[in-house]
Amino acid sequence: MRRSVHAFLTLALFGAALTACSINRFEQREPWRDQAEQVCLAKKLVTPTEFVTPAAAIDGPGPCGMQQPFRVTRLGNGSVVLKQRMTLGCPALAEAEAWLADTIQPAADLYFGVPVAEINAGSYSCRGRNNQAGAKLSEHGFGNAVDIMSFKLADGHVITVKGGWRGTEAEQGFLREVFLGACQRFTTVLAPGSNVFHYDHIHVDLARHDPRGLRRICQPLIKFTPQLGADGARPVSRPAPPPRLPAPPQAPVDIEEDDPYGASPMSKAPGSTRVARAGQAPSAYASAQPRPVAVRPAPRVTAEPDEVGEEGGEPLQLGAPPASVGGPIY
């Protein structure tokens, strides 16, 4: 028994040491991060409640942290329980609330007829990307990212990202609506099929991939016709989707958040669906109010197999986690 306890403590300490080694304690926090927080707080895009409470500033180790973290136990004005408490900065929290209101809840109503009641998600963690020693610091280290593993509906049905991405028609449609809605709000969105590290969750963040903050990454590319309009309502009619065109050559870019294989930036890539309009800046920290949505029968959705961009190779098979992944990375 003593040997087992000793072995466990040794492994835990070893893991903590690896995490510490992956953080450059002399690195400085980029100025835009504090500026984005200040703008969000000044605009009062996050309202403290009994479920969203301000906490003391987090400063370090290294550049990790944020000026005004928020501890979050519920979203949607208390209507959606978080399976584990989240710690987020103002910008990411404001976008997460808007994403829930204008995409996640309308999609749940459209495909299942009931709202989301609980979300299993990860947030702040001072570590390298994908928990890799020596990697660039993850956006999770700044409270600027969210990983979603599953949704629980009001009727008790649980939709996991791992199983639902290739699950029933309703589960596939719901998760793809959620994914595409995230691409409208966040600068990085990675779902199953983007790379080996995202086989079981959807990662979203507000990383700044270029000096002006206009570049977006939204992977994988998918063939899917959204049933929700931009405002969360089902469109009365839709024009035929444009034909897919070859992706233009991409200049080499720095490896982005949780993206070890260099997913292609998608700010204006032809063929991508509802990712970003030409010339449109990201919806930085815009808030959205919940909209009433009438209950509708779940539509029949035909989702074609996902396609990964030219640089991504074949779509990731989701039958089992990759050998290099030891569990959820968030």
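The values are calculated or read from the model by the stated rules, or taken from the named source; none is laboratory data. Owing to the predicted nature of the structure, the values given are computational and were not obtained by experimental measurement. Because the Cβ atoms are built from the backbone with ideal geometry, glycine has one as well, and the counts that use them run over all protein chains shown.
Looking only at residues that are more than 18 Å from Val81 (Cα to Cα) and of a type in the set (Gly, Ala, Ser) in segment 149-173, which one is surrounded by the most Cβ atoms within 10 Å (Cβ to Cβ)? Explain how you work it out, then say what you get.
Step one: list which residues in segment 149-173 are more than 18 Å from Val81 (Cα to Cα), which gives 162-173.
Subsequent filtering for residues that are of a type in the set (Gly, Ala, Ser) retains 163-164, 167, 170, 173.
Working: Gly163: 15, Gly164: 21, Gly167: 16, Ala170: 20, Gly173: 26.
Ranking the qualifying residues of segment 149-173, first place goes to Gly173.
With respect to Leu110, is the statement that it is buried (at least 18 other Cβ atoms within 10 Å of the Cβ), under 16 Å from Ala207 (Cβ atoms) and touching a residue at least 60 places away in the same chain (Cβ under 8 Å) true? No; evaluated as a whole, the condition is false for this residue.
With respect to Thr87, determine if the residue is within 21 Å of Gln35 (Cβ to Cβ) and of a type in the set (Ser, Thr, Tyr). Answer is yes for this residue. Residues of segment 44-70 that are outside any loop (DSSP other than H, G, I, E, B), surrounded by 16 or more Cβ atoms within 10 Å (Cβ to Cβ) and of a type outside the set (Val, Ile, Thr): Gly65, Met66, Phe70. Once segment 130-140 is narrowed to residues that are surrounded by fewer than 23 Cβ atoms within 10 Å (Cβ to Cβ) and part of a helix (DSSP H, G or I), the residue that is farthest from the chain's Cα centre (by Cα) is Asn131.
Pairs meeting the criteria (first residue in segment 194-206 and farther than 12 Å from Gln219 by Cα and touching a residue at least 40 places away in the same chain (Cβ under 8 Å), second residue among the acidic types (Asp, Glu) and assigned to a strand (DSSP E or B), beta carbons under 7 Å, at least 6 apart or on different chains) are His201/Asp147.
Let's see how each residue does on (1) part of a helix (DSSP H, G or I); (2) modelled with pLDDT under 95:
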{"position": "Thr103", "(1), (2)": "yes, no"}
{"position": "Leu110", "(1), (2)": "yes, no"}
{"position": "Glu118", "(1), (2)": "no, no"}
{"position": "Ser125", "(1), (2)": "no, yes"}
{"position": "Gly156", "(1), (2)": "no, no"}
{"position": "Gly163", "(1), (2)": "yes, no"}
{"position": "Phe174", "(1), (2)": "yes, no"}
{"position": "Gly181", "(1), (2)": "yes, no"}
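Is it the case, given these coordinates, that Gly78 is part of a loop (DSSP other than H, G, I, E, B) and in contact (Cβ under 8 Å) with a residue 60 or more places away in the chain?
Working: part of a loop (DSSP other than H, G, I, E, B): yes; in contact (Cβ under 8 Å) with a residue 60 or more places away in the chain: no.
No.
For segment 70-89, which positions are in contact with a Phe, Trp or Tyr (Cβ under 7 Å, 6 or more places away or on another chain) and within 17 Å of Ser123 (Cα to Cα)? The answer is Val72, Thr73, Arg74, Thr87, Leu88, Gly89.
Out of all the residues in segment 203-217, which are of a type in the set (D, E, K, R), in a loop (DSSP other than H, G, I, E, B) and in contact with a helix residue (DSSP H, G or I) (Cβ under 8 Å, 6 or more places away or on another chain)? I'd like the intermediate steps shown before the answer.
Just the residues of segment 203-217 that are of a type in the set (D, E, K, R), to begin with: 205, 208, 210, 212, 215-216.
Going one step further and asking which of them are in a loop (DSSP other than H, G, I, E, B), we end up with 208, 210, 212, 215-216.
Scanning segment 203-217 gives Arg208, Arg216.
Would it be correct to say that Ala16 is out of contact with any Cys (no Cβ under 7 Å at 6 or more places or on another chain), modelled with pLDDT of 95 or more, of a type outside the set (D, E, K, R) and exposed (fewer than 13 other Cβ atoms within 10 Å of the Cβ)? Step through it out loud before you land on a result.
Values: out of contact with any Cys (no Cβ under 7 Å at 6 or more places or on another chain): yes; modelled with pLDDT of 95 or more: no; of a type outside the set (D, E, K, R): yes; exposed (fewer than 13 other Cβ atoms within 10 Å of the Cβ): yes.
No.
Looking across segment 19-43 at every residue that is in a loop (DSSP other than H, G, I, E, B) and more than 22 Å from Pro54 (Cα to Cα), the one that is modelled with the lowest pLDDT is identified as Ser22. Is there a residue being touching a Phe, Trp or Tyr at 6+ places or on another chain (Cβ under 6 Å) and assigned to a helix (DSSP H, G or I) anywhere in segment 141-153? No, there is no match, as no residue in segment 141-153 is touching a Phe, Trp or Tyr at 6+ places or on another chain (Cβ under 6 Å) and assigned to a helix (DSSP H, G or I).
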